[in-house]
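Notes follow once the structure below has been shown.
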Amino acid sequence: MKNIGYFFKEARTIFQVDRLSNILSIFSIGLIFLILSTITTAWWVSHQLVNMLRDEAEINVFFQEDMEDVNINSLMESIGIIGDVKEVKLVDKEESHQRMVEILGKEAKVLELFDSNPFQAFIEVKINVEKLDTILERLESIEAIDYIRDNKDVIDKLQNLISLLTIVGVLVITATGISTLVVISHIIRQGIYNNREQINTLRLLGAPESFIGFPFVLEGLFLTVAGGLLAFGLVYLGVKTAYGQIGSNIFIPLPHMEDLLKSMGVFILFASGVLGIGGSIFGLKSAKVN
Amino acid sequence: MIEGKDISLVYGDGTKALRGVNIAISKGQLAYIIGPSGSGKTSLLKLFMGIEYPTEGELKVLGLKMQKGQEANIRKLRRLIGPVFQEFKLIKGRTALENVMLGLRFLDMPSKMIKEESKNALIKVGLSHKIDTVVEHLSFGETQRVAIARAVARKPALILADEPTGNLDVDNALNIMSLLASFRNENTAVIITTHATHLLDNIDQGEIIKVENGIIKMESRGAVQ
């Protein structure tokens, strides 16, 4: 620890020897991390969304409009006793209309064109989504039910999208990881070449390899963290803009923006730190100084 | 301190730099290795510095065996000696003090002492007024003194100076020789190589070891130690 000030000073000197190249490298690394962050953000948002939909999974059961209240209650009781049904609730015509008004927001004016309430009453059934098929089978055997609307297609499509994003994400993470390692190790090798005389002198004076190499590791760490911060800045702006633009215009709820940004910040900094140290060590190991 | 038996050194291109050299340097000794350019004196010093290994024979420096495959010994030796390289090997863009300190940073020395010892060494070599000067702004002789300060600040058991008189005029060369000799004491041996044999006429201390064609021709032990 006694040399920590020296190491930082050396790292700064190494950076300044090839300043332009190093600044351009920060931008390259920043863009690499931006790609990584974008894919990770998309994966994370969709994953959160599916989990949210799974927790909120429900089926809407429609019955004949002229059904009497006694029969509706009886139908609700029949549904309630089915295993894995969590909650059964009647949504009457007025509430159904009100919900659509909330969903449509400014566009709800279109509903004023109708002379009467066009919406039907229905029974909202909260379920364990994993048991959807079994529950549907049981519901279909109840005669009083006219129509069942489930979200299975939506959930399945999202699940498929997540699988695709996971594959793409793994590929992108691997590609960006390798790219960053190569970029950093190349910069470190260049730094070693530029400082070869100093390194040789230190070796002749008996300096341990760790003493010689530490400033280079610091430089690599600095470059990737700076690149990571740049990427995070762009992600921050992107997410804020995206939430501002689409947050209020889509029907599905998005994860909290603060949580998303915090998670992305930690992820980018961690990844940049690990890749910076890894790339520097790789560069040091692969460089041969005569 | 240094014990060499039948040492030979053959470089990769087949050049036979040293042949069957026997040498012994004891603690606190002052020795001048002389000979014309290409005679093998720098090769001999490189062996003592752990820059080269003997191709044949046995060499121990400060009790450490110098042999290929003994990297740990080499690294240890390099920390124990005070080398003054022919081309100085100072770090450009750094001050005299920073250069001297750099030679001490990885030694077992508290950080406060590193600066103190470095300053003292620069004062001893007469550069108290150039401590914070960047080495490129120093004269040839001053640069040489910084290299010497870096070597002596480490308080080494063995100071090895390769052609320290280089391109200096006689007066400055003699000054450098006597400066280096002044660091010899009961614990520190000093070995200096030089091709400028005429300088030795003015020096009344130390042993003279003559090297010719890779062979030690003559060891003069007549000089006063």
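Would you say B:Ile74 is surrounded by fewer than 23 Cβ atoms within 10 Å (Cβ to Cβ), over 24 Å from B:Gln144 (Cα atoms) and within 14 Å of chain A (Cβ to nearest Cβ)?
Working: surrounded by fewer than 23 Cβ atoms within 10 Å (Cβ to Cβ): yes; over 24 Å from B:Gln144 (Cα atoms): yes; within 14 Å of chain A (Cβ to nearest Cβ): yes.
It is true that B:Ile74 is surrounded by fewer than 23 Cβ atoms within 10 Å (Cβ to Cβ), over 24 Å from B:Gln144 (Cα atoms) and within 14 Å of chain A (Cβ to nearest Cβ).
Restricting attention to segment B:56-71 and to residues that are open to solvent by less than 30 Å² (accessible area, probe 1.4 Å) and touching a residue at least 40 places away in the same chain (Cβ under 8 Å), the residue that is nearest to the other protein chains (Cβ to nearest Cβ) turns out to be B:Val61. For segment B:196-220, the set of residues classified as in contact with a strand residue (DSSP E or B) (Cβ under 7 Å, 6 or more places away or on another chain) and part of a loop (DSSP other than H, G, I, E, B) consists of B:Asp204, B:Gly206, B:Gly214, listed by residue number. In segment A:184-209, of all residues being crowded, with 22+ Cβ neighbours inside 10 Å and farther than 25 Å from B:Arg78 by Cα, the one that is farthest from the other protein chains (Cβ to nearest Cβ) corresponds to A:Ile184.
If you take the residues in segment B:113-128 that are over 18 Å from B:Ile176 (Cβ atoms), of a type outside the set (Gly, Ala, Ser) and more than 9 Å from chain A (Cβ to nearest Cβ), which one is surrounded by the most Cβ atoms within 10 Å (Cβ to Cβ)? My answer is B:Glu117. If the condition is being more than 18 Å from B:Ile131 (Cβ to Cβ), facing chain A (nearest Cβ under 10 Å), surrounded by fewer than 21 Cβ atoms within 10 Å (Cβ to Cβ) and touching a residue at least 40 places away in the same chain (Cβ under 8 Å), then segment B:80-111 contributes B:Leu80, B:Lys89, B:Leu107.
One residue alone among A:Leu181, A:Leu164 is modelled with pLDDT of 80 or more, surrounded by fewer than 14 Cβ atoms within 10 Å (Cβ to Cβ) and part of a helix (DSSP H, G or I), and that residue is A:Leu164. Selection of segment A:51-73 for residues being surrounded by fewer than 17 Cβ atoms within 10 Å (Cβ to Cβ) and modelled with pLDDT under 80 yields A:Asn51, A:Met52, A:Arg54, A:Asp55, A:Glu56. Kindly indicate whether A:Leu254 is buried (at least 16 other Cβ atoms within 10 Å of the Cβ), outside any helix (DSSP H, G or I) and modelled with pLDDT under 90. Here the answer is yes, as A:Leu254 does meet what is asked.
Go through A:Val225, A:Val239 for me and flag whichever is at pLDDT 90 or above, surrounded by 16 or more Cβ atoms within 10 Å (Cβ to Cβ), farther than 30 Å from B:Leu80 by Cβ and among the hydrophobic types (A, V, I, L, M, F, W, C). Break it down stepwise before answering.
Numbers: A:Val239 fails: at pLDDT 90 or above.
After ruling out the rest, the residue left standing is A:Val225.
For the condition in contact (Cβ under 8 Å) with a residue 24 or more places away in the chain, open to solvent by less than 50 Å² (accessible area, probe 1.4 Å) and more than 23 Å from B:Ile114 (Cα to Cα), what is the one hit in A:Leu36, A:Leu31?
Working: A:Leu31 fails: open to solvent by less than 50 Å² (accessible area, probe 1.4 Å).
When all the criteria are applied, what remains is A:Leu36.
Among the residues examined, A:Ile14 qualifies as surrounded by 19 or more Cβ atoms within 10 Å (Cβ to Cβ), assigned by TED's automatic domain parsing to the domain that holds A:Phe267, β-branched (Val, Ile, Thr) and under 29 Å from A:Glu209 (Cβ atoms).
Of the residues making up segment A:95-129, those that are of a type in the set (D, E, K, R) and touching a strand residue (DSSP E or B) at 6+ places or on another chain (Cβ under 7 Å) are A:Glu124, A:Lys126.
Within the option set B:Glu117, B:Glu142, being under 17 Å from B:Thr188 (Cβ atoms) and either acidic (Asp, Glu) or assigned to a strand (DSSP E or B) (or both) holds for one residue only, B:Glu117. When A:Thr41 is tested against (1) within 14 Å of another protein chain (Cβ to nearest Cβ); (2) buried (at least 18 other Cβ atoms within 10 Å of the Cβ); (3) in contact with a Leu (Cβ under 8 Å, 6 or more places away or on another chain), only condition (1) is not met.
Checking the condition away from chain B (no Cβ under 14 Å) and within 18 Å of A:Lys2 (Cα to Cα), which residue from A:Leu218, A:Leu229, A:Leu223 passes? If you could, list the steps in order and put the result at the bottom.
On the way: A:Leu229 fails: within 18 Å of A:Lys2 (Cα to Cα); A:Leu223 fails: within 18 Å of A:Lys2 (Cα to Cα).
Answer to the check: A:Leu218.
Please determine whether any residue of segment A:137-159 is of a type outside the set (D, E, K, R), under 30 Å from A:Phe270 (Cβ atoms) and either at pLDDT below 80 or surrounded by fewer than 15 Cβ atoms within 10 Å (Cβ to Cβ) (or both). Talk me through it step by step, then tell me what you get.
To start, the set of residues in segment A:137-159 that are of a type outside the set (D, E, K, R) comprises A:139, A:141-142, A:144-145, A:147-148, A:151, A:154-155, A:158-159.
From what's left, under 30 Å from A:Phe270 (Cβ atoms): A:158-159.
With either at pLDDT below 80 or surrounded by fewer than 15 Cβ atoms within 10 Å (Cβ to Cβ) (or both) added as a condition, the list becomes A:158-159.
The answer is yes, given that some residue of segment A:137-159 is of a type outside the set (D, E, K, R), under 30 Å from A:Phe270 (Cβ atoms) and either at pLDDT below 80 or surrounded by fewer than 15 Cβ atoms within 10 Å (Cβ to Cβ) (or both).
Taking the residues in segment A:17-28 that are in contact (Cβ under 8 Å) with a residue 40 or more places away in the chain and in a helix (DSSP H, G or I) as candidates, determine which candidate is surrounded by the fewest Cβ atoms within 10 Å (Cβ to Cβ).
Our first condition is that a residue be in contact (Cβ under 8 Å) with a residue 40 or more places away in the chain; within segment A:17-28, this holds for A:17-18, A:21-22, A:25-28.
With in a helix (DSSP H, G or I) added as a condition, the list becomes A:17, A:21-22, A:25-28.
On the way: A:Val17: 14, A:Ser21: 14, A:Asn22: 19, A:Ser25: 21, A:Ile26: 20, A:Phe27: 12, A:Ser28: 15.
Checking each candidate, the answer is A:Phe27.
The values are calculated or read from the model by the stated rules, or taken from the named source; none is laboratory data. Predicted model only: the values in this text are computed from it and were never measured. Counting neighbours? That spans all protein chains shown, and the Cβs are built from the backbone with ideal geometry, glycine included. SASA here: full protein model, heavy atoms, side chains in, ligands and nucleic acids out. Shrake-Rupley method; radii C 1.70, N 1.55, O 1.52, S 1.80 Å.
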